[in-house]
1. So B:Thr90 clears everything in (1) assigned to a loop (DSSP other than H, G, I, E, B); (2) among the hydroxyl-bearing types (Ser, Thr, Tyr); (3) without any contact (Cβ under 8 Å) to a residue 24 or more places away in the chain except one condition, right? Which one?
2. Where residues in the stretch B:106-142 are polar (S, T, N, Q) and under 14 Å from B:Gly70 (Cβ atoms), which of them is modelled with the highest pLDDT?
3. Give the stretch B:280-314 a look and list any residue that's closer than 23 Å to A:His90 by Cα and either touching a residue at least 60 places away in the same chain (Cβ under 8 Å) or basic (Lys, Arg) (or both), or say none.
4. If the requirement is being under 26 Å from B:Ser258 (Cα atoms) and of a type outside the set (A, V, I, L, M), which of these qualifies: B:Ser14, B:Ser93, B:Ser68?
5. From the list A:Gly185, A:Gly168, A:Gly174, which residue is open to solvent by less than 40 Å² (accessible area, probe 1.4 Å) and either closer than 19 Å to A:Ala73 by Cα or out of contact with any Ser or Thr (no Cβ under 7 Å at 6 or more places or on another chain) (or both)?
6. Working only within the stretch B:282-315, note down all residues that are charged (D, E, K, R) and in a helix (DSSP H, G or I).
7. Can you find even one residue in the stretch B:249-258 that is touching a residue at least 40 places away in the same chain (Cβ under 8 Å), in contact with a strand residue (DSSP E or B) (Cβ under 8 Å, 6 or more places away or on another chain) and within 25 Å of B:Pro99 (Cα to Cα)?
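The values are calculated or read from the model by the stated rules, or taken from the named source; none is laboratory data. Everything quoted here is computed from the prediction, not taken from an experiment. Heads up, the Cβs are rebuilt from the backbone with ideal geometry, glycines too, and the neighbour counts pull from every protein chain shown. To get the accessible areas, we keep the full protein, side chains included, count just its heavy atoms, and leave off ligands, DNA and RNA. Shrake-Rupley method; radii C 1.70, N 1.55, O 1.52, S 1.80 Å.
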Amino acid sequence: MDFANFLIQLLNSLQYGLLLFMLAAGLTLIFGIMGVVNLAHGSFYMLGAYLAWFLVGQLDSLVLAIVLGTVIAVALGWLLEWSLFRHFYHRDHLDQVLLTFGLIYIFEEVRSILWGDDVHAVQVPEVLNWSIPLTDNLSYPVYRLVMSGVCIALALGLYLLISKTRLGMKIRAGAFNREMTESLGINIRLIHGVVFALGVALAAIAGMIASPIASVYPGMGSSVLIMCFVVVVIGGIGSVRGALVAALLVGLVDTFGKVLVPQIAGMAVYMLMALVLLYKPEGLFKQ
Amino acid sequence: MSSPKAQLEKLPRSIQAILVLGAIALAAFPLIPLTGGEFYLQMLSQMMILAIFAMSLDLLQGVSGLVSLGHAAYFGLAGYALAFLTPADTPISLWWALPASALGAGLAALIIGFFVVRTHGIYFIMVTMAFAQMVFFLFFDNKALGGSDGVYVNFRPDASVFGWAGIDLENKTTFYYFTLLLLVLVYAFLRRLLFSPFGRVLAGIRVNEHRMRAVGYGTFGYKLAAFTLAGALAGVAGFLWAAQTGYVNPELMGFHMSAHAIMMVILGGMGNFAGAIVGAFAFEYVMHFFKDLTKHWQLLMGTFIVLVVVFAPRGLLGLVERFSSKRGKA
């Protein structure tokens, strides 16, 4: 593999890893703070992608679509937390698994009723629809770079939100000791709503920004969900930092696995997971 | 968070009565002349197969407190084993294909179990699911293993004994009774196991694993044994499924299949194997009912699942028990 090719694969794996991080961060944040395991997380990714396709058709602008789509996702997250999830914080994980599995069915059907079962494509915005030439016949699409940039910006924003702001302090306090936080007069219900909406929004944004490079199709959430689980398992559940490291690792192994050993490409990531579990059954960054 | 509460270990009279009546009804069903009888025969066979599958999961989920979200992997693997063991031009003998398929599924469960059993709670759920997905993609992505299209089972296994062809699995009624027999056998075996020292240790692990370790039990070995056994029994169900439908595809090992098994166990009631049987029948019935009703059946199914979780966390048998114990007191 020459250098240009290597660079392309490296950028691809970075882009895939960062996208996975957006998804896994929401999943692990919701688990770490509310103790809820959410199988429907992949559905939010799917809904995001379909929203992007639908809104681009209406508004004719991907940026506007993402802004409006994010607002819708936050509202949806808030509504779900308020109506269903808050009643499941103290229930068994098994109940949460079933609840969210039921939601997968509901979301799939709602998607089918609203937008049908067709496969769609979203156009890359005109401004970003060009490539940076690397050699005579190799080039790298700018949109993917911008995607990675957006992911990095959001990850940075998330980090600052959680570690530097007052709200972040309350979120961490709530995760550490719910009763104590509540008795200090902090509205923990509000915090839960915010975190849940944030998680849903992250998944939906991931779906929206990924829609121009991946096709938009029914059931696209389930494979993503499983990759998220792998990331969370490798990183250590509840750890956002672990999710970042694991997502980048998974991105590398998956991308280079496909190039170097295509025979086992589908399984390479799971082998990585098995290897990590062998040495660290609780993941790399168990809190 | 605490592990799920198992219930009704010693079955109350009312539930035993339901089981006996159910078994009689199932035994008598092929004798009833019914229009479209063959269709219903096939449907009931499938429900019984899924009941075996659900019971195998209940050994983990209800008895040992290990919620596996990847149990369908072993179900599917045994089905594939039958498909690949069967030669192109002649049926294979049931008497070694069934044990071989179940053992193969058990072996896979032993290997995967070695990794997953070391984890706990929510981790266990995620890791079992991830490993099952690995198996799923192994078959889905490989043309040599049938790919996404799946594989046909060329012939139903041959169940003749020393040339006597009394058990002909090509015959739908015979297959039905064969499945019923296995359902009863697996149920009796698991009930017996539940009250054996091995079963008591598993139940102890569910209640408090730390204490079991402190008392001196090597819980890892016990959990691994339970995981392997559950995998092998799921394999029995998968084998029957493949033999009946004559076709296997990756969906059999998929995420939905695993989640459905969990749902069946919950719906009926966990930890006593009777619930798994009732749950499998009820779940399949509801699904067929919704599918006949509307093409948007997923919406109804999803709502149904959500409602069950919200309102009947102890399952149908839990309701029966509550009802009958209330009457007993009055």
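1. All conditions are met except number (3).
2. If we filter the stretch B:106-142 for residues that are polar (S, T, N, Q), which is where we start, we get B:119, B:128, B:133, B:142.
Next, only the ones that are under 14 Å from B:Gly70 (Cβ atoms) stay: B:119, B:128, B:133.
On the way: B:Thr119: 87, B:Thr128: 93, B:Gln133: 87.
Only one residue tops the list, namely B:Thr128.
3. Quick first cut of the stretch B:280-314, residues closer than 23 Å to A:His90 by Cα only: B:302-314.
Hit for the stretch B:280-314 is B:Arg314, nothing else.
4. Values: B:Ser14 fails: under 26 Å from B:Ser258 (Cα atoms); B:Ser93 fails: under 26 Å from B:Ser258 (Cα atoms).
Unique residue meeting the criteria: B:Ser68.
5. Details: A:Gly185 fails: open to solvent by less than 40 Å² (accessible area, probe 1.4 Å); A:Gly174 fails: either closer than 19 Å to A:Ala73 by Cα or out of contact with any Ser or Thr (no Cβ under 7 Å at 6 or more places or on another chain) (or both).
Result: A:Gly168 is the single residue among A:Gly185, A:Gly168, A:Gly174 that is open to solvent by less than 40 Å² (accessible area, probe 1.4 Å) and either closer than 19 Å to A:Ala73 by Cα or out of contact with any Ser or Thr (no Cβ under 7 Å at 6 or more places or on another chain) (or both).
6. Looking only at the stretch B:282-315, we keep the residues that are charged (D, E, K, R), and these are B:284, B:291-292, B:295, B:314.
Within the stretch B:282-315, B:Glu284, B:Lys291, B:Asp292 meet the criteria.
7. Within the stretch B:249-258, one or more residues are touching a residue at least 40 places away in the same chain (Cβ under 8 Å), in contact with a strand residue (DSSP E or B) (Cβ under 8 Å, 6 or more places away or on another chain) and within 25 Å of B:Pro99 (Cα to Cα).
Here is a yes/no grid of residues against (1) among the aliphatic types (A, V, I, L, M); (2) surrounded by 24 or more Cβ atoms within 10 Å (Cβ to Cβ); (3) within 24 Å of B:Val265 (Cβ to Cβ); (4) in contact with an Asp or Glu (Cβ under 7 Å, 6 or more places away or on another chain):
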site	(1), (2), (3), (4)
B:Thr35	no, no, no, no
B:Leu41	yes, no, no, no
B:Ile49	yes, yes, yes, no
B:Asp58	no, yes, yes, no
B:Gly65	no, yes, yes, no
B:Gly70	no, yes, yes, no
B:Ala73	yes, yes, yes, no
B:Pro87	no, no, no, no
B:Ala97	yes, no, no, no
